[in-house]
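The values are calculated or read from the model by the stated rules, or taken from the named source; none is laboratory data. Computed from a prediction, not measured in an experiment: that's the story for all the values here. Neighbour counts run over all protein chains shown; Cβ positions are idealised from the backbone, glycine included. Accessible surface is based on the protein model in full, side chains and every heavy atom, while ligands, DNA and RNA are left aside. Shrake-Rupley method; radii C 1.70, N 1.55, O 1.52, S 1.80 Å.
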Amino acid sequence: MAGGGGRRRAARPSGRLRLVADVKVRLSDDGSALVQCGFHEMGMGAATVQAQIAADALGIAYEKVRVEYGDTALPTGPMAGNSNQTATVATSVLAACAELTRKVSALARRTGTTGQEPAATLRAARRPFLEASVGSATRLGALGSQGRFLATFLKDQRWSKAARGAQFCEVRVNADTGELRISR
């Protein structure tokens, strides 16, 4: 068999639209974090991505982050479709984590634990956890979410949105029959 390789690039313009996602993030004194949002998972790894984003934003290990999703009792999440859910929820997760980081920093200054792990700060302050939220389940919070949606929609019109990718493969060709086989 003769062999060869191939590569292709992909670009898909997208009418992607960031919606709004209400999110709550809780940082506990054991060093773990909980992300809560009512988005739904259909096998595309949404919970994994949000855990990775929260871990990075909070400076903790990925294994310490748990994501609760798919329940109407949780803060409202967006629909999944046209690649909008990940960007929408991530924006709110990052905002909640930034607020949580500010709260931990202020608490660290008061307890003299600046520069230590967030969990050490919480323990020194005798606080079992700190929370930060984006959005709300109240009527006023729903109005605020609609305002966030409109502001995001208007701001996002300035940017080009597209999905990009690359594919690589190794191909073998049977010299006798001409049959192609993708080996990897």
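Identify the residue in the range 88-132 that is in contact with a Leu (Cβ under 7 Å, 6 or more places away or on another chain) and small (Gly, Ala, Ser) and, among all such residues, is nearest to Lys24 (Cα to Cα). It comes out as Ala132.
A count restricted to the range 69-103 and to residues that are in contact with a Lys or Arg (Cβ under 7 Å, 6 or more places away or on another chain) and surrounded by fewer than 20 Cβ atoms within 10 Å (Cβ to Cβ) stands at 5. In this structure, Ala106 does not satisfy being surrounded by fewer than 16 Cβ atoms within 10 Å (Cβ to Cβ), in contact (Cβ under 8 Å) with a residue 12 or more places away in the chain and of a type in the set (A, V, I, L, M, F, W, C). When the strands (runs of 3 or more DSSP E) confined to the range 1-103 are screened for residues that are modelled with pLDDT of 85 or more, those reaching at least 1 such residues are found at 23-28, 33-36, 65-68. When Gly59, Gly135 are screened for being within 17 Å of Leu19 (Cα to Cα), open to solvent by 30 Å² or more (accessible area, probe 1.4 Å) and not aliphatic (A, V, I, L, M), only Gly135 passes.
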